[in-house]
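Q: Right, I'll just put the structure down here and ask away after.
Every read-out reported here was derived from the displayed coordinates using simple, explicitly stated rules and does not represent laboratory data. Predicted model, so just to flag it, every value in this text is computed and none were measured. All Cβ positions, even for glycine, are placed from backbone atoms using ideal geometry, and neighbour counts span all protein chains on display.
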Amino acid sequence: MNLQAPEIPEEILETLQQALLEEKQLQCQYYSAHSDKVSQLKLNPLALVQRGLITYLIGTADSYTDVRQYAVHRFRELSLLESPTQGLKDFNLQAYLNSDALQFGNTERIAFQAWLSEKQARLLRETPLSADMALTDLGNGDGYRVTATISDSWQLQWWILSLGDALVVEMPLNLREQIAQKLRNAAAGYE
C-alpha cells in the first residue's frame, strides 16, 4: 500500500527546527493515539528523524530521563521556551539509532529462522534482514531457509504477516506460535 504522509503544519515544523538549532525547550500539546488524549508536555528536543513517511522528534519530557519518539504530526500546539534543552550533551544520535530504538516495542534480539519462497529469497538478497543473514537453498524448488539475528518487534510481525504463505516462521517457537494464532484469527474472520 502506498500510504500518504500525514500533514504537518508548517509552523509546527519550523518551531521544532528552531528549537533544535537554538537548543531550547518546547511547550506543547501532544495527541497520543494510544490513549486518545491530548497531554501538556515540556520537551527537551534532541533530534528529528524520518522513518518511512513519519517524522519523529526524539526527546525527553520534563521530569523524565528516558528518550522517547514523538510523531511530529501529532503536535497540536507548540511554542519555543527560553530555557535550554536538558540532556543534549549526553545524547548520541548514532548510538540511539544503532540500539534499534526506532523499532518500537521490544528490541530484544532473536535468532530468527524461517522457510522462504524463492521470490522472497531473491528480494532478501537485495535487502538483507541483518548483517549476519544467511539464505540456504533447500533444493528441488523447495524454497529457502533464512536465518538472521533481528529485533523481535511488532514491525517484524507486521512484515511476516504481510508475506502470507511466502514465509513460514520456524524459530523461535514462541514467535511461530504468535504468528500462527494471528493467522488463525484472521482466517476465522473470513469464514
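Q: Which of these values of Cα extents along the principal axes in Å was calculated from the structure shown: [x] 43, 35, 35; [y] 65, 42, 34; [z] 67, 40, 28?
A: Matching entry in [x] 43, 35, 35; [y] 65, 42, 34; [z] 67, 40, 28: [z].
Q: Just flag the GluC sites (Glu not before Pro) in segment 63-160 sitting in loop per DSSP whose Cβ has no more than 13 other Cβ atoms within 10 Å. Could the numbers behind the result be given before it?
A: On the way: sites: Glu77, Glu82, Glu108, Glu118, Glu126; in loops: Glu108.
Of the GluC sites (Glu not before Pro), the ones in loops of segment 63-160 whose Cβ has at most 13 other Cβ atoms within 10 Å are Glu108.
Q: Mind giving me the FRET efficiency for Asn174 and Lys89? R0 is 41 Å, r the Cβ-Cβ distance, nearest 0.05 is fine. Numbers along the way, then the final one.
A: Working: r = 40 Å, r/R0 = 0.98.
Between Asn174 and Lys89 the formula returns 0.55.
Q: Could you line up Trp159, Trp115 from fewest to most neighbouring Cβ atoms inside 10 Å?
A: Numbers: Trp159 13, Trp115 16.
Fewest to most other Cβ atoms nearby, the residues stand as Trp159, Trp115.
Q: Taking 0.36 nm per intervening residue step and subtracting the Cα-Cα distance, what contour gain separates Ser79 from Gln17 on full extension? Don't skip to the answer; put the middle values down first.
A: Values: separation 62, 0.36 × 62 = 22.32 nm, distance 1.16 nm.
Stretched out fully, the Ser79 to Gln17 stretch lengthens by 21.2 nm.
Q: Moving on to the next point. So for the chain, taking the charge dipole from beta-carbon charges (+1 Lys/Arg, -1 Asp/Glu), which of Thr136, Asn92, Gln18 sits furthest toward the positive end?
A: Toward the positive end, the furthest listed residue is Thr136.
Q: Between Tyr190 and Ser32, what length comes free when the chain is fully extended (0.36 nm per residue of separation minus the Cα-Cα distance, one decimal in nm)?
A: Working: separation 158, 0.36 × 158 = 56.88 nm, distance 3.16 nm.
Gain on stretching Tyr190 to Ser32: 53.7 nm.
Q: With every atom except the alpha carbons ignored, what do you get for Rg and Dmax of segment 10-99, in angstroms?
A: So, for segment 10-99, Rg and Dmax equal 12.3, 33 Å respectively.
Q: Residue by residue through segment 141-148, which ³J(HN,Hα) values in whole Hz follow from phi under the Karplus form 6.51 cos²θ - 1.76 cosθ + 1.60 (θ = phi - 60°), with glycine and proline marked x?
A: Running phi through 6.51 cos²θ - 1.76 cosθ + 1.60 with θ = phi - 60° gives x, 8, x, 9, 10, 10, 10, 6 Hz.
Q: A further question follows. For Glu118 paired with Asp62, estimate the spin-label separation in nm (one decimal), with each label point 7 Å from Cα along the Cα-to-Cβ line.
A: So the label points at Glu118 and Asp62 sit 6.3 nm apart.
Q: What is the projected area of the convex hull of the Cα atoms of segment 109-189, averaged over all directions, in nm²?
A: Seen from a random direction, the Cα hull of segment 109-189 projects 5.4 nm² on average.
Q: Continuing with this model, one more query. Residues with beta-carbon under 15 Å from that of Leu57, excluding Leu57: net charge, scoring Lys, Arg +1 and Asp, Glu -1? All intermediate terms of the calculation are to be shown ahead of the outcome.
A: Working: positive: Lys24, Lys42, Arg51, Arg68, Arg74, Arg76; negative: Glu11, Glu14, Glu22, Glu23, Asp62, Asp66, Glu77.
Once all neighbours under 15 Å are counted, the net charge is -1.
Q: Can I ask one more? Between helix 173-189 and the chain, what is the angle of the helix's C-alpha long axis to the longest principal axis, kept within 0 to 90° and rounded to the nearest 10?
A: 90
Q: How about Lys89: which lysines have a C-alpha closer than 24 Å to its C-alpha, ignoring those fewer than 8 places off in the same chain?
A: Within the straight-line cut-off, Lys89 pairs with Lys24, Lys42.
Q: Taking the Cα centre as origin and putting +1 on Lys and Arg beta-carbons and -1 on Asp and Glu beta-carbons, what dipole magnitude results for segment 109-189, to the nearest 20 debye? List each step's numbers first, then the result.
A: Numbers: 8 positive and 9 negative charges, 35 e Å.
It works out to roughly 160 debye.
Q: Run through segment 2-95 and list the trypsin sites (Lys or Arg not before Pro) located in a DSSP loop whose Cβ has at most 10 other Cβ atoms within 10 Å.
A: Working: sites: Lys24, Lys37, Lys42, Arg51, Arg68, Arg74, Arg76, Lys89; in loops: Lys89.
Hits after loop and neighbour filter: Lys89.
Q: Let me ask something else about it. Per-residue HN-Hα couplings for segment 161-166, Karplus 6.51 cos²θ - 1.76 cosθ + 1.60 at θ = phi - 60°, whole Hz, x for Gly and Pro?
A: 3J(HN,Hα) across segment 161-166, in whole Hz: 5, 5, 8, x, 8, 8.
Q: Which angle from 0 to 90°, rounded to the nearest 10, does the C-alpha axis of helix 10-22 make with the longest principal axis of the chain?
A: Orientation of helix 10-22: about 80 degrees from the principal axis.
Q: Comparing Thr149, Thr85, Thr127, which has the greatest mean-square fluctuation in the GNM of the chain with Cα pairs linked when under 10 Å apart?
A: Thr127
Q: Computed over the Cα atoms of segment 1-40, what is the convex hull's projected area averaged over all directions, in nm²?
A: Working: hull surface 17.0 nm².
Across all orientations, segment 1-40 yields a mean hull projection of 4.3 nm².
Q: What distance in nm separates the two pseudo spin-label positions at Glu10 and Ser99, each 7 Å out from Cα along the beta-carbon direction?
A: Computed distance between label sites Glu10 and Ser99 equals 3.7 nm.
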